[in-house]
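Novice: Once you've had a glance at the structure underneath, I'll fire off some questions.
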């Protein structure tokens, strides 16, 4: 019985794309990288950044000064700025944060998109309606240990402020000033 079900599913999955492509009268032009992505402050243009700041007390760690290296590069044919960062380990910050992420632009919804994963098992999806070369404010959800948190990240050419919503009010989680190297 299961073999028949899997065979039917496999056949349906292999035929469906062929049917979809057969229905197109003219081939679609390949998508072009969005020019809007170059407006992103801080990561736009790519590069290596040295960031200094403060991580405020949280269930993950006590309040402490931070030093972080962040790199960004325009990848995947110009559609995404791929970023990664890592805090420096110190006596107060025994488990430094590390993250990977990507910033892009969705031309259909006309929104900027940010995706993140970290070394605490967390992941976040955020969007921004408008972005300028001087400021971008992304809001969305960060999920950590099965709990969803409403988050907001503000980027400028020289830094970042992270916030979480607690009882309807925004509370800073971290703040960094960054210098491109």
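Novice: Within segment 73-87, take every residue that is in a loop (DSSP other than H, G, I, E, B) and touching a strand residue (DSSP E or B) at 6+ places or on another chain (Cβ under 9 Å) and give me the one that is surrounded by the most Cβ atoms within 10 Å (Cβ to Cβ).
Specialist: 79
Novice: Let me spell it out: the conditions are (1) touching a helix residue (DSSP H, G or I) at 6+ places or on another chain (Cβ under 8 Å); (2) within 20 Å of residue 50 (Cβ to Cβ); (3) without any contact (Cβ under 8 Å) to a residue 60 or more places away in the chain, and residue 78 meets all of them except one. Which number is the exception?
Specialist: All conditions pass for residue 78, except number (2).
Novice: Quick one: which of 90, 179, 133, 108 is in contact with a helix residue (DSSP H, G or I) (Cβ under 8 Å, 6 or more places away or on another chain) and either within 21 Å of residue 64 (Cβ to Cβ) or outside any strand (DSSP E or B) (or both)?
Specialist: 133
Novice: Sticking with this one: So, in segment 33-72, how many residues would count as being more than 16 Å from residue 153 (Cα to Cα) and assigned to a strand (DSSP E or B)?
Specialist: 13
All of the numbers you see were taken from the coordinates with simple rules; none came from a lab. This structure is a prediction, so every number in the text was calculated from the model and none was measured. Neighbour counts are summed over all protein chains in view; Cβ atoms, including those assigned to glycine, are modelled from backbone coordinates with ideal geometry.
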